[in-house]
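Written below as structure tokens is the structure these notes are about.
Readers should treat all values here as calculations from the given coordinates under stated rules, not as data from a laboratory. Owing to the predicted nature of the structure, the values given are computational and were not obtained by experimental measurement. Neighbour counts are summed over all protein chains in view; Cβ atoms, including those assigned to glycine, are modelled from backbone coordinates with ideal geometry.
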Amino acid sequence: MNTIHQLKHKLRKEVLDARIALPPHVVAEKSARIIQTLLKLDEYRYASTIMTYLDFRNEVQTGELVKRVMADGKRVAVPLTDPASGMLTPSSLSFYPDELEPGAWGILEPKPRCVRPLDPSELDLIVVPGVAFDRRGNRLGYGGGFYDRFLLRTGPEAFYVAPAYEMQLCDSVPRSSQDVRMHCLITEERIIRIS
Ligand SMILES: Nc1ncnc2c1ncn2[C@@H]1O[C@H](COP(=O)(O)OP(=O)(O)OP(=O)(O)O)[C@@H](O)[C@H]1O
Ligand SMILES: [Mg+2]
């Protein structure tokens, strides 16, 4: 285990322990504020196809976002995770939550008969989960490199936005060369655009 790996591991545990301790009403209230802010972004308004993670374990909740994207007549995709290959596949979703069932790690994903893969290049806006972030857009994920690999396959205009609680913001997140930066962070208190 090298040093950066150890630093990431330590920070991941600290933030995940604190996040899992948030009471349900706090999670719901902060999530609602964060998603309201996201929905006002120009990048949301102009996006035709949006991919979002489906929250688990006290992540910023995205259920209302999925419903709003559908109500706004935009296309919504959710990730299908293949732990064996470390790949994410965006799958177009038509009915929420009917088409979903728990998949890898208990995270909701499309049922096999409801999988409709999209090419990552079709995504305009990607709502990225994470454990910790810093103001330069650096992201610490769960340690699988899933999003680092996936984001490389998106188009040059794709916009990466990460919803996060203020408690997930750190002064500096340890960064490896393959870590992909976010374009924008949204917390319950502010929007942080990374130039
Ligand atoms: N583009 C890539 N190509 C090959 N391997 C990669 C790539 N990106 C990350 N990895 C590998 O994945 C592993 C985990 O990376 P890292 O610790 O950055 O995960 P993470 O960003 O926290 O996880 P995730 O993106 O799944 O939330 C590392 O061993 C890393 O080398
Ligand atoms: Mg990474």
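Hey, VAL69 hits all of (1) over 22 Å from CYS184 (Cβ atoms); (2) free of Cβ contacts under 8 Å to residues at least 24 places away in the same chain; (3) surrounded by 15 or more Cβ atoms within 10 Å (Cβ to Cβ) but one; which does it fall short on?
Just one mismatch for VAL69, condition (1).
Residues being more than 11 Å from ligand 1 (Cβ to nearest atom) and under 23 Å from GLU166 (Cα atoms): count how many of those fall in the stretch 1-15.
4
Quick one: would you say GLY137 is within 16 Å of ligand 2 (Cβ to nearest atom), among the small types (Gly, Ala, Ser) and more than 18 Å from GLN168 (Cβ to Cβ)?
no
Is one or more of the residues making up the stretch 146-159 acidic (Asp, Glu), surrounded by fewer than 17 Cβ atoms within 10 Å (Cβ to Cβ) and within 9 Å of ligand 1 (Cβ to nearest atom)?
yes
Tell me which residues, restricted to the stretch 158-195, are away from ligand 2 (no atom under 16 Å from the Cβ) and of a type in the set (D, E, K, R).
If the condition is that a residue be away from ligand 2 (no atom under 16 Å from the Cβ) and of a type in the set (D, E, K, R), then GLU166, ASP171, GLU188, GLU189, ARG190, ARG193 are the ones that fit.
Checking VAL115 against (1) among the β-branched types (Val, Ile, Thr); (2) closer than 24 Å to ALA32 by Cα; (3) away from ligand 1 (no atom under 13 Å from the Cβ), which single condition isn't satisfied?
Among (1) among the β-branched types (Val, Ile, Thr); (2) closer than 24 Å to ALA32 by Cα; (3) away from ligand 1 (no atom under 13 Å from the Cβ), VAL115 violates only (2).
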